[in-house]
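Once you've had a glance at the structure underneath, I'll fire off some questions.
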Amino acid sequence: MIEILVLVLVLAQIIWHRKLVNRVNQLEDEVKVLRERSSTVPTTVLAEETAPEPAITVDTPDVTETKAEPVAEAIEAAAREIHEDQSPAPTPQAAQPRESFESLFGARWAVWVGGLALALGGVFLVRYSIESGLLGPGARLVLATLFGLALAGGGELLRRGLLLKLPEAYSNAMIPGVLTAAASVTLLATIYAAHGFYGFIGATPAFILLALVSLATLGLSLLHGQALAGVGLAGSLIAPLLVSSTSPNVSVLFGFLGIVWLASNAAARLRRWLTLPVLANLGLGFWCMAYMVSVSIVDPMPLAFALLVMIAGTHFIWPGAVFEATVAETAEIEAIPPARRILRLFAQPPLGMTISVSLAASLPMLLLLALETPSYSSPILAFVAVTGALAALGSGRLHAGLAAVAASVTAIIGALMLASTDLSDLSPITNPQAKPATRLMGLLTPDSLALLILGAIFALCGLMAIRRRHQTAPDFAAFWAVLAAAIPIGLATISFLSDGILARDWAHGAYGILLGGALLFGAIRIIRSAEDDLTRDLLLVGSFGAFTFALHALTNGLTTTILVPVLGFAYVLATARQPWRGLPWAMVAAALFVMARIGWEPSLVGPDHLGKTPVFNALLPGYGVPALLLIASAWRLRHWRGLRVLNALQGLAAIMSLLAVAILVRHGMNGGTLDARVPTLGEQSIYTLLTIGLSGVLMTLDLRSPSLTFRYGSMLAGILATINVLSLHVFGLNPYFTGESIGTLPVVNLLLPGYLLPALAYAGLAYYARDKRPLPYVIMLALTAALLGFLWATLSVRWAWQGNDIASWKGFLQGETYSYSVVWLVIGVALLAVGSRLDARSLRLASAGLVVLTVLKVFLIDMANLEGILRALSFIGLGAVLIGIGLFYQRILVQKNGTHSPADSKDTPNA
């Protein structure tokens, strides 16, 4: 009974202070009256003064005003001393003083802890009455109810100021709200005790009473603040747990939760609260997931209805359109850094509400699909409805960009969960007999139909968002242009790979055509601006993606590979009518699609259907047509204002052309088969020659029509060819290491295409690149040519001594060892002569390196392995060559420096 005594003392103290409060109110009334008199007296005096001498009227003091002013000042001072906390708040410009510890502890914490103590007191009162057994159950409940009502009444009296006028400075620690919250907790505990402990009331009346108390608390929160609303929300969410029933009604449960959410959101809308809706969203989402994991049979429709209420309320009630940001003009937006533009798009307030509604809608839907629990109705329908509604929220409000992202992620993950087959194994797509027997009218399964409908919802939301926002919020419109194309195509692709029929799936094909037409309509009709527009560009590329999906569903193999670049070239031709920036990018997308198909299946038609005839087989149109269309696109757009797309087309045309020739070569040199076997030296030599040729062609195109693609592409091709030489020609495929047969004919053998022809090609490219490319690149080409020439000569010497097989295991002959020295010196001298003739320092350096190598060989190898005349000839020849090289360098240096020796000066008549 201590709690009752405390309550009595609190009420007595309030009554004791009532007289003092009334006295303060009387003093304030007197101050108001005196102020009114002091303001009216001068006006009366001036009105009655009609004498012709106004100066006398002005100088005469007013006796009434003089007497009233000291009285008013005295009363005001007394009122300030009695009620200091009623002083006006400082202006917004003035710095707010830091609140003292005494104020925090005495005026705020004491109130909060006191309210908690009162709430616990009500609960303990019921418990005490049960444990003591002094009163009957009915009396105990009546006592607890009266205690709760007394707390609520006291809070209301204090709020109205009938007992005590409370200061506004402590609005977040208002005693009326704390008392009302304690009353709510007490009443909720009492109702639960009446149902759970004593059985006085059944489950339905208990549920209704708990709901009424919680909703009443939410209603009173409009008067007492957001903290009380949180108490009411918590009570509403806990209320269904406090009642038990053998056959709970799921529709009633989620209907009640929907009503609670609406009440919370309506209160938040009226008072501009941001925290309460977040808690309401998370609470509803938690209830949905808790229900699904706790029942043996799921009914998805009621929980989907509650989530739809939440999404619709977020869109229309709160925050609705309140936080729609004022978007700057396009020119100002483009001046904002990309990071800030992204933050501006996805981090607009109220961020907490957007995140909470996204999680509360997405997670239950994914859990619904992940669980294998039986259900009364189709969970797919609930998934489509909630995910589509979340997408609509993300498209309808500028601040809800994260909701759109959440809806997109949920749609893709849910589609993967619904896929009837493992997407890593695509063999069922080629076997119509393996398809599910539940295909509607032989076209679609229910899962596929649901995914296509969800994709259509995304496309519709995107087009509507673009129509409303592409002028005022271009970033938002561009974002939805991506989603309107990517999500429907992604969902349709998952559906097709899971339940489609390759080459003749009319349902998926028609869907792709309709989607492409809708996106194309949006680009042409919705966006009427004549200027470049990112949203329109994205819609154009998206429409190409949809048409490509349709082609993939309706055709197969070589036909698809050819028709996709044809479609891209049609977009390029459309630039003659409308010079829109996004049209050429369709051809870039087509090239990337073809390359992806090549990476997936290089034969395009399957190894079993690829003919063995060289050149004239399915590879020629499959690789050649895309290459020719890329070349034609690059030529047609040679004067296009956008350098990026032009460079991309030129680079892709070069790569595709190289691929076409290389694949035909590999097919022809491997007996009409394409497999993963390691290429031979001859085959790899052709690839190297093709790469060198590509570098020269790109360099020529760059000289005629300067382009960054041609410039850097030509150097990249030369670098790739050099890497092939260093890794394959020198080591990996070298006949000395592999033991590959060279042939019996001199010169015309495997060493000719493997080393000599690439060496000549590199030398010609290096000569052609002089004064056209950076000096380090030219030196690299020249040194590579010298290296290949050196290998050809060295391996030719070994072939001359060892025959067709020059493998390393055969060792070296003395004549062979001596021949290497002779040949290397000859090559060194030749390189020196050519380098001097062309003034190529790189060749002279290569000559010097070769000579040094020969010197080391003679002193380290020949001295140990050669005998007799061969050893002497080796050293004599080396010495003679070195002296000759020295004399040659002296001549070169003298001529280069323009100086003459004294002997030469004497012999010259005109010296």
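Starting from region 549-572, take each residue that is more than 11 Å from V594 (Cα to Cα) and list its partners that are of a type in the set (D, E), counting only C-beta distances under 6 angstrom and pairs at least six apart or across chains.
Pairs that qualify, where the first residue is more than 11 Å from V594 (Cα to Cα) and the partner is of a type in the set (D, E), are A553/D505.
For region 576-592, enumerate the residues that are more than 25 Å from the chain's Cα centre (by Cα) and farther than 17 Å from T535 by Cα.
Hits for region 576-592 are A576, R577.
Given the criteria at pLDDT below 95 and either touching an Asp or Glu at 6+ places or on another chain (Cβ under 9 Å) or crowded, with 23+ Cβ neighbours inside 10 Å (or both), does L351 qualify?
no
Conditions tested, residue by residue: (1) surrounded by 22 or more Cβ atoms within 10 Å (Cβ to Cβ); (2) in contact (Cβ under 8 Å) with a residue 24 or more places away in the chain; (3) part of a loop (DSSP other than H, G, I, E, B).
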{"position": "F200", "(1), (2), (3)": "no, yes, yes"}
{"position": "L209", "(1), (2), (3)": "no, no, no"}
{"position": "L212", "(1), (2), (3)": "no, no, no"}
{"position": "L218", "(1), (2), (3)": "yes, yes, no"}
{"position": "W261", "(1), (2), (3)": "yes, yes, no"}
{"position": "P277", "(1), (2), (3)": "yes, yes, no"}
{"position": "M301", "(1), (2), (3)": "no, yes, no"}
{"position": "F305", "(1), (2), (3)": "no, yes, no"}
{"position": "A312", "(1), (2), (3)": "no, yes, no"}
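Would you tally the residues in region 593-616 being of a type outside the set (S, T, N, Q), without any contact (Cβ under 8 Å) to a residue 60 or more places away in the chain and closer than 16 Å to M669 by Cα? If you could, list the steps in order and put the result at the bottom.
Our first condition is that a residue be of a type outside the set (S, T, N, Q); within region 593-616, this holds for 593-602, 604-612, 614-616.
Imposing the further condition that a residue be without any contact (Cβ under 8 Å) to a residue 60 or more places away in the chain reduces the set to 593, 596-597, 599-601, 604-606, 608-609, 614-616.
Going one step further and asking which of them are closer than 16 Å to M669 by Cα, we end up with 614-616.
Final tally of qualifying residues: 3.
Now, a different point. Just to check your reading of the model, which residue among A312, A267, A263 is assigned by TED's automatic domain parsing to the domain that holds S395 and at pLDDT 95 or above?
Within the list A312, A267, A263, the selection yields A312.
Within region 831-852, work out how many residues are in a helix (DSSP H, G or I) and either touching a strand residue (DSSP E or B) at 6+ places or on another chain (Cβ under 9 Å) or surrounded by 15 or more Cβ atoms within 10 Å (Cβ to Cβ) (or both). Steps first, answer last, please.
Here is the first cut: in region 831-852, the ones in a helix (DSSP H, G or I) are 831-837, 841-852.
Then keep just the ones that are either touching a strand residue (DSSP E or B) at 6+ places or on another chain (Cβ under 9 Å) or surrounded by 15 or more Cβ atoms within 10 Å (Cβ to Cβ) (or both); that gives 831-832, 834-836, 842-851.
Number satisfying all stated conditions: 15.
Filter region 221-232 for residues that are modelled with pLDDT of 80 or more, more than 22 Å from L284 (Cβ to Cβ) and assigned to a helix (DSSP H, G or I) and give the result.
Result: L223, single match.
Here is a follow-up. Which of the residues spanning region 283-298 are crowded, with 20+ Cβ neighbours inside 10 Å and under 16 Å from F256 (Cα atoms)?
G283, L284, G285, W287, C288, Y291
Looking at L674, is it modelled with pLDDT under 90, crowded, with 16+ Cβ neighbours inside 10 Å and assigned to a loop (DSSP other than H, G, I, E, B)?
yes
Just wondering, is there one or more residues in region 510-533 that are farther than 22 Å from I336 by Cα and touching a Cys at 6+ places or on another chain (Cβ under 8 Å)?
No, because not a single residue in region 510-533 is farther than 22 Å from I336 by Cα and touching a Cys at 6+ places or on another chain (Cβ under 8 Å).
Go over the candidates Y712, Y687 one by one and state the one that is surrounded by fewer than 17 Cβ atoms within 10 Å (Cβ to Cβ) and not in a loop (DSSP other than H, G, I, E, B).
Y712 is the lone residue from the list that is surrounded by fewer than 17 Cβ atoms within 10 Å (Cβ to Cβ) and not in a loop (DSSP other than H, G, I, E, B).
R528: without any contact (Cβ under 8 Å) to a residue 40 or more places away in the chain, outside the structural domain of F458 (by TED's automatic domain parsing) and over 28 Å from V605 (Cα atoms), yes or no?
On the way: without any contact (Cβ under 8 Å) to a residue 40 or more places away in the chain: yes; outside the structural domain of F458 (by TED's automatic domain parsing): no; over 28 Å from V605 (Cα atoms): yes.
No: the conditions fail for R528.
Of all residues being modelled with pLDDT of 80 or more and over 19 Å from L733 (Cα atoms) in region 790-822, which is surrounded by the fewest Cβ atoms within 10 Å (Cβ to Cβ)? Just the residue, please.
Only one residue tops the list, namely A800.
The values are calculated or read from the model by the stated rules, or taken from the named source; none is laboratory data. Everything quoted here is computed from the prediction, not taken from an experiment. Cβ atoms come from the backbone with ideal geometry, glycine included; neighbour counts cover every protein chain shown.
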